[in-house]
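Working notes for the structure below.
The values are calculated or read from the model by the stated rules, or taken from the named source; none is laboratory data. Remember, predicted model here, so these are calculated numbers, not experimental data. Ideal geometry is used to build each Cβ from the backbone, glycine not excepted, and the neighbour counts take in all protein chains shown.
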Amino acid sequence: MNPAALLQKGLTAQRSGQLADAAAIYRQMLQRWPQHPDALYLLGLIEQTSGNNAGAVELFERAAKANPKFAPPLLQQGFALNTLGRTEEAAAAFQGAITRKPDMAEAHHQLGVTLRNLHRLPAALASLRQATTLSPKDGVFWLTRGMTCLQERLLDEAVDSFQHAIQINPALPEAHEILGQAFMAQHRPEAARQSIMEALRLRPRFAEAYHDLARICVEEGLLAEAVNHYRAALDIQPEPDTHTNLIFVQNYLPTTQPARHFAEHRLWSERFERLLRPTWRVHHNPPLPDRRLRIAYVSPDFRDHPVASFIEPVLLAHHRDQFEVFCYANVAVADDVTQRLRGQADQWREIHECTPEAVAELIRLDAIDILVDLAGHTTDNSLLAFARKPAPVQVTWIGYPNTTGLEAMDYRLTDYISDPPGQTEAWHREKLIRLPQTFSCYRPAIESPAVGPLPALANGQVTFGCLNNFRKLSEPTIALWARLLAELPTARLLLKSQGLDNPQTARRLLEQFTQAGVSADRIELDGTRRSKEQHLGRYNRVDIGLDPFPYNGTTTTCDALWMGVPVITLEGRTHVARVGISLVTHLGHPEWAAATPDEYVAKCRQLAGNLPALAGVRQQLREQMLHSPLCDASQFIGHLEAAYREMWRRWCETQKE
């Protein structure tokens with residue numbers, strides 16, 4: 001039988017699903033004609049379908065060599081190589097297919113996908129643009145192009161691409177969902193909400209869409225509604241990031257009960273940590289209590305972020321004869337602060353593109369003795385790496401004002417005021433280690449402007465201010481501040497936060513004050529994005545700072561105090577609601593902490609009623625802060641390192657058992 005007849009016989013068998021018979025025919029052909037390109041290619045397709053991608057790669061390679069003008073073997077070889085994880089070779093195969101057939105749209109598309117996986121986004125985008133040019137009616141091509149634009153922050157092009165995909169296939173819920181994400185990135189919450197709702201209409205049980213809807217609510221300050229949407233997403237598909245977001249949002253809500261919140265943290269552990277418990281390994285770190293230790297800090301916030309204000313003095317002050325300092329940076333976009341912090345670590349590891357398993361393995365290879373989490377349940381955390389217990393001693397500290405809920409987390413660093421002994425232990429999985437003074441050390445911004453004169457002396461009216469994230473402005477907080485403004489009818493309130501530039505959010509916030517009897521013209525909302533120096537400069541328009549509750553400020557309170565602005569805070573039950581009292585007490589002004597709402601208002605009125613005294617406080621406060629435990633890095637590092645050393649000794653003792 002001639003090769004054409006055999007080939008036709010094989011094709012007939014292959015098309016009818018008789019793959020074994022077809023493969024036998026192609027192998028018979030290759031025994032007689034070893035370089036027959038069609039037999040090699042078709043046999044490669046069968047091997048690929050059966051899961052033998054390594055064999056398929058070899059057959060496609062031979063087919064491509066046998067017919068130098070034939071592009072499909074290289075296209076299929078690229079698919080097989082990607083399946084094998086040989087991404088660079090896959091990109092070369094797709095490029096080879098394009099060289100042979102420049103108008104092969106699928107090759108351009110797959111090259112774009114592969115280059116995106118290699119994090120070569122500009123080159124990926126060029127390929128994807130070419131794919132949509134060659135095949136403008138392919139909705140998948142437009143979706144991929146849009147997702148790449150979203151990664152590159154080319155938001156207008158991303159929106160346009162997703163809208164093209166929807167025009168081609170309006171019934172595709174994924175297209176509406178990701179269009180909603182693009183609108184969110186553009187800070188267009190209403191458009192985002194419409195797209196997400198359409199995705200849910202098309203697919204009522206769409207976990208990602210509920211997650212997006214929750215994020216929109218968080219952006220708008222609708223936190224109770226966000227909780228409901230996060231729960232809906234979790235009911236459909238439990239995901240660690242979704243559950244983390246739910247847990248984090250609950251810190252803001254005054255209705256959150258500590259015991260139930262702790263149970264939510266424990267549930268995260270049961271869902272996502274418990275299955276990893278069998279992967280824990282014996283640690284072979286030398287159990288010598290006094291040796292030099294390898295300590296590592298893990299954070300997504302080694303950048304222009306509040307966490308940097310508290311970790312930088314620690315990195316600078318660590319005694320290198322006793323500690324070798326590693327930083328594991330899960331940073332998506334590095335900045336000048338990242339570069340500065342990098343220079344303060346002995347070893348720096350970039351982990352943003354690593355899986356939790358790979359991060360854990362890297363930590364083991366680095367033989368880290370004490371691993372410190374600086375994120376908790378916040379965005380881009382590394383809790384799934386900690387859940388694998390890669391270090392013998394694991395600690396959580398700053399970055400998140402609560403327990404992680406992890407069995408693998410041994411300790412949480414705090415102080416005696418933020419977590420009074422006997423009061424908060426029951427709400428923690430970790431053992432609480434209370435430092436002798438403050439639980440953190442603040443490093444003022446390099447760009448700090450000078451402290452200005454008391455604004456009230458010039459304008460004749462007291463300005464209260466809060467520069468915290470507006471999501472911390474709970475209903476009880478607003479009600480109390482409205483009462484304060486009612487009792488001081490000439491006073492004003494300045495609120496500055498990202499998100500207040502959203503007209504709907506600003507209107508909703510002002511309505512809460514007007515409904516409480518405070519005229520909107522007494523409230524100034526500032527949502528403008530500003531430099532650090534400009535941000536701090538806004539405190540020169542504030543006479544008295546107001547701490548929100550139940551989620552107190554930390555960095556914002558330190559910033560206010562540094563800029564000469566006293567802060568009145570309300571004492572709560574849990575760490576998140578007691579940071580304020582810790583900060584003002586360690587500054588030396590415990591009188592600024594109130595035990596009740598009545599006392600909160602009274603303390604504000606007392607400060608506002610004596611402007612000369614308030615002006616004196618303003619001019620002395622920066623110097624007081626510099627000499628307080630809040631900024632004493634030398635003293636703080638002594639306390640911190642002593643705590644680390646004690647943790648290490650405890651672990652060494654367990655190795656003798």
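For segment 501-609, the helices (runs of 4 or more DSSP H) that sit wholly inside it and include 3 or more residues that are more than 30 Å from Gln423 (Cα to Cα) and at pLDDT 95 or above are 503-515, 597-608. Going residue by residue through segment 18-32, is there one that turns out to be assigned to a helix (DSSP H, G or I), of a type in the set (S, T, N, Q) and at pLDDT 80 or above? Yes: segment 18-32 contains one or more residues that are assigned to a helix (DSSP H, G or I), of a type in the set (S, T, N, Q) and at pLDDT 80 or above.
So, in segment 93-141, exactly how many residues are assigned to a loop (DSSP other than H, G, I, E, B) and more than 26 Å from His352 (Cα to Cα)? So the answer is 8.
The numbered conditions (1) out of contact with any Leu (no Cβ under 9 Å at 6 or more places or on another chain); (2) in contact (Cβ under 8 Å) with a residue 12 or more places away in the chain are all true for Pro278 except (2).
Quick one: in segment 58-69, of everything that is in contact with a helix residue (DSSP H, G or I) (Cβ under 6 Å, 6 or more places away or on another chain) and not charged (D, E, K, R), which residue is surrounded by the most Cβ atoms within 10 Å (Cβ to Cβ)? Top of the filtered list is Phe60.
Count of segment 255-287 residues, restricted to those that are in contact with a Phe, Trp or Tyr (Cβ under 8 Å, 6 or more places away or on another chain) and either crowded, with 20+ Cβ neighbours inside 10 Å or part of a helix (DSSP H, G or I) (or both), is 4. Glu641 meets the stated requirement of being surrounded by 17 or more Cβ atoms within 10 Å (Cβ to Cβ), at pLDDT 95 or above, of a type outside the set (S, T, N, Q) and more than 22 Å from Asp559 (Cβ to Cβ). Name the residues in segment 1-22 that are under 50 Å from the mean Cα position of the chain (by Cα) and crowded, with 19+ Cβ neighbours inside 10 Å, would you? Hit for segment 1-22 is Gln14, nothing else. Against the conditions (1) in a loop (DSSP other than H, G, I, E, B); (2) at negative phi, Ala367 satisfies every one except (2). Return the total of residues in segment 590-616 being out of contact with any Lys or Arg (no Cβ under 8 Å at 6 or more places or on another chain) and crowded, with 19+ Cβ neighbours inside 10 Å. Of the residues in segment 590-616, 7 are out of contact with any Lys or Arg (no Cβ under 8 Å at 6 or more places or on another chain) and crowded, with 19+ Cβ neighbours inside 10 Å.
The residue that is surrounded by the most Cβ atoms within 10 Å (Cβ to Cβ), counting only those in segment 122-174 that are polar (S, T, N, Q) and closer than 26 Å to Lys101 by Cα, is Ser161.
Scanning segment 228-254 for residues that are surrounded by fewer than 18 Cβ atoms within 10 Å (Cβ to Cβ), touching a residue at least 24 places away in the same chain (Cβ under 8 Å) and of a type in the set (S, T, N, Q) yields one hit, Gln237. A residue that is more than 23 Å from Thr505 (Cβ to Cβ), surrounded by 19 or more Cβ atoms within 10 Å (Cβ to Cβ) and in the same structural domain as Leu121 (by TED's automatic domain parsing) can be found somewhere in segment 207-225. Kindly establish whether Glu270 is at pLDDT below 95 and of a type in the set (D, E, K, R). So Glu270 fails the test. Please enumerate the residues belonging to segment 425-459 that are of a type in the set (Ser, Thr, Tyr) and crowded, with 19+ Cβ neighbours inside 10 Å. Within segment 425-459, Thr438, Ser440, Tyr442 meet the criteria. Meeting the requirement of 3 or more residues that are surrounded by 16 or more Cβ atoms within 10 Å (Cβ to Cβ), the strands (runs of 3 or more DSSP E) wholly within segment 293-360 are 293-299, 323-329. Only one of the numbered conditions (1) buried (at least 19 other Cβ atoms within 10 Å of the Cβ); (2) under 21 Å from Val451 (Cβ atoms); (3) of a type in the set (Lys, Arg) is violated by Arg622, and that is (1).
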